[in-house]
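The values are calculated or read from the model by the stated rules, or taken from the named source; none is laboratory data. Quick caveat: nothing in here was measured; it's all calculated off a predicted structure. FYI the Cβ positions are ideal-geometry reconstructions off the backbone, even for glycines, and counts take in every protein chain you see. When the accessible area is computed, the model is the full protein with side chains, heavy atoms only, and any ligands, DNA or RNA have been set aside. Shrake-Rupley method; radii C 1.70, N 1.55, O 1.52, S 1.80 Å.
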Amino acid sequence: MTGNDSPVLRVAGRPVARYVTRPELPHRLSPRPYLHPVATLAGTAVTEFSPADHLHHLGVGVAVPDVEGHNFWGGRTYVRGRGPTELDNHGTQRHTAFQLRDPDGFVEELRWVAAGAELLRERRTVAAAELTGTAWALDFTFSLTNVTRDPLTLGSPATNGRPGAAYGGFFWRARKESTPPGVFTADREGEREVHGRGADWLALTGETWSLVFAGATERTRRDPWFVRTEEYPGVGSSLAHDDRVTVAPGDTLVRRIVTVVADGRLDADGAAALVRKAVSP
């Protein structure tokens, strides 16, 4: 890892991801640290940053569209009865310090701030590990602690009245190509079949690359997947799918996602085998 604001993760000596801690972004994009570019071991980029279709999609990170009414996702806010609405309600995730920094990962402290007040304190742990000569794993854990005196609720457009739009939490904006990527789980295939459902793992496959996402804790695996392939390529783990999530004062919400980043187009057997290798019991 090098650089104070943009450490680089390396696997087998090769750079595979850059982490930007203090991005200079417009406030309406909900500025926050992110990983971009993320690449396969052969060097193929598998993330996008602030693309024209969604300027607030920032590579790989954590984003929540509704934290007690504050937008930590970026862009417009879905308002029940009004639809997507421009509001001056955006929050910022502020890098505080690295507790640990190594060539293959880091532990970071962050503050989630909105309207001049700190709402959440986050501990983020990210690690990169080689799996094979053509695949590596990104292990991403985030722990959100309510530092206010009152309960905080986390929501999504789905919980606010927009069916099928339960985005919020870990999110990966993938590489956009001339044709939409494939998407499948162990027993389902296609965006309509996998979106909004739970699965131990979910694979997204492009022209020469594959991403396999897996919840690495029992609690994380209970969150359904948010999937887009036709409109844009993106995968997230939904924190608030059916109902708002409440975090009591002093309590901590924890999720862990492990993502396999592979060269080539994996099939279901290949994806499952790499997930087994990547996710420790």
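Worth a mention:
- Subset tally (residues that are open to solvent by 20 Å² or more (accessible area, probe 1.4 Å) and over 25 Å from residue 258 (Cβ atoms)) for segment 104-117: 4
- Residues of segment 79-88 satisfying the condition of being in a strand (DSSP E or B) and on the phi < 0 side of the Ramachandran plot: 79, 84, 85
- Cβ-Cβ contacts under 8 Å between residues 6 or more apart (or on different chains), taken from a first residue in segment 136-147 that is more than 15 Å from residue 19 (Cβ to Cβ) to a second residue that is basic (Lys, Arg) and crowded, with 19+ Cβ neighbours inside 10 Å, are listed as 143/124.
- The one condition in (1) surrounded by 13 or more Cβ atoms within 10 Å (Cβ to Cβ); (2) of a type outside the set (A, V, I, L, M); (3) in contact (Cβ under 8 Å) with a residue 60 or more places away in the chain that residue 14 fails to fulfil: (3)
One line per residue, one yes/no per condition, for (1) surrounded by fewer than 17 Cβ atoms within 10 Å (Cβ to Cβ); (2) within 19 Å of residue 28 (Cα to Cα):
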residue: 53; (1), (2): yes, yes
residue: 61; (1), (2): no, yes
residue: 81; (1), (2): yes, no
residue: 102; (1), (2): yes, no
residue: 119; (1), (2): no, yes
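- Filter result for residue 235 (among the hydrophobic types (A, V, I, L, M, F, W, C), farther than 17 Å from residue 187 by Cα and open to solvent by less than 60 Å² (accessible area, probe 1.4 Å)): yes
- Failed item in (1) open to solvent by 20 Å² or more (accessible area, probe 1.4 Å); (2) under 19 Å from residue 270 (Cβ atoms), with residue 195 passing the rest: (2)
- Segment 238-274 - residue that is open to solvent by 10 Å² or more (accessible area, probe 1.4 Å) and within 13 Å of the chain's Cα centre (by Cα) and, of those, nearest to residue 65 (Cα to Cα): 239
- The condition of being in contact (Cβ under 8 Å) with a residue 24 or more places away in the chain and at positive phi holds for only one of 91, 59, that being 59.
- Taken over segment 17-51, the criterion of being aromatic (Phe, Trp, Tyr) and surrounded by fewer than 21 Cβ atoms within 10 Å (Cβ to Cβ) is satisfied by 49 alone.
- Segment 1-58 - residue that is out of contact with any Asp or Glu (no Cβ under 6 Å at 6 or more places or on another chain) and among the hydroxyl-bearing types (Ser, Thr, Tyr) and, of those, farthest from residue 108 (Cα to Cα): 44
- Filter pass, residue 203 being at pLDDT 95 or above, surrounded by fewer than 20 Cβ atoms within 10 Å (Cβ to Cβ) and over 14 Å from the mean Cα position of the chain (by Cα): no
- For the criterion of being surrounded by 13 or more Cβ atoms within 10 Å (Cβ to Cβ), of a type in the set (Gly, Ala, Ser), at positive phi and touching a Ser or Thr at 6+ places or on another chain (Cβ under 9 Å), residue 75 passes.
- In segment 164-182, the residue that is most open to solvent (accessible area, probe 1.4 Å) out of those that are over 27 Å from residue 112 (Cβ atoms) and more than 17 Å from the chain's Cα centre (by Cα) is 178.
- Inspection of segment 139-151 finds a residue satisfying the criterion of being out of contact with any strand residue (DSSP E or B) (no Cβ under 9 Å at 6 or more places or on another chain) and open to solvent by 20 Å² or more (accessible area, probe 1.4 Å).
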